[in-house]
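Worksheet: the structure to be examined is printed underneath.
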Amino acid sequence: YDAAELRTLNSLELTHPDDRAAMNALLADLQHGDRSDFVIEKRYLRKDGSVIWVQNSVSLTHDKAGRPLHLIKLIQDITERKVAERRQQ
């Protein structure tokens, strides 16, 4: 995807269908205040249908009243590491 296309998508649309439930559960915990952040390894689908492995580090900021304000996500490509792990197994 180019930058303009990515701005129109949310990360769940890019997430592999088999990984969406786990991501949704962690996001719900974050929104309900059950956790302040989380890290998850999951797959994204590229535009051509190929898979890329990523690690998402996610946190939620709040305003002065304690209401959710911003979702902050650091996304790292860990595809090479996953391929190496599979080779070792």
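In straight-distance terms, cross-link reach from Lys47 covers every one of the aspartates and glutamates whose alpha-carbon lies under 13 Å from its own, apart from those fewer than eight places away in the same chain; here that gives Asp2, Glu5, Glu13.
Computed from Cα positions, the angle between helix 79-88 and the longest principal axis of the chain comes to roughly 50 degrees. Percent of C-alpha pairs per 5 Å bin in the chain, short distances first: 3, 12, 20, 23, 18, 12, 7, 3, 1, 0.
Dividing the convex hull volume of the alpha carbon atoms of segment 23-66 by its residue count gives 78 Å³ per residue. For the pair Asp34 and Ser57, label points projected 7 Å from Cα toward Cβ lie 2.4 nm apart.
Report the gain in length on full extension from Gln88 to Asp2: 0.36 nm times residue separation, minus Cα-Cα distance, nm rounded to one decimal.
Details: separation 86, 0.36 × 86 = 30.96 nm, distance 3.36 nm.
27.6 nm is the gain from fully extending Gln88 to Asp2.
Rolling a 1.4 angstrom probe over the chain with all protein chains present gives an accessible area of which 50% lies on carbon and sulfur atoms. On a per residue basis, the chain carries 71 Å² of accessible surface, using protein heavy atoms and a 1.4 Å probe.
The values are calculated or read from the model by the stated rules, or taken from the named source; none is laboratory data. Nothing here was measured: the structure is a model prediction, and the numbers come from that model. Don't worry about glycine lacking a Cβ; one is built from the backbone with ideal geometry, like all the others, and counts go over all protein chains shown. In case anyone asks, the SASA skips ligands and DNA or RNA and just uses the protein heavy atoms, side chains included. Shrake-Rupley method; radii C 1.70, N 1.55, O 1.52, S 1.80 Å.
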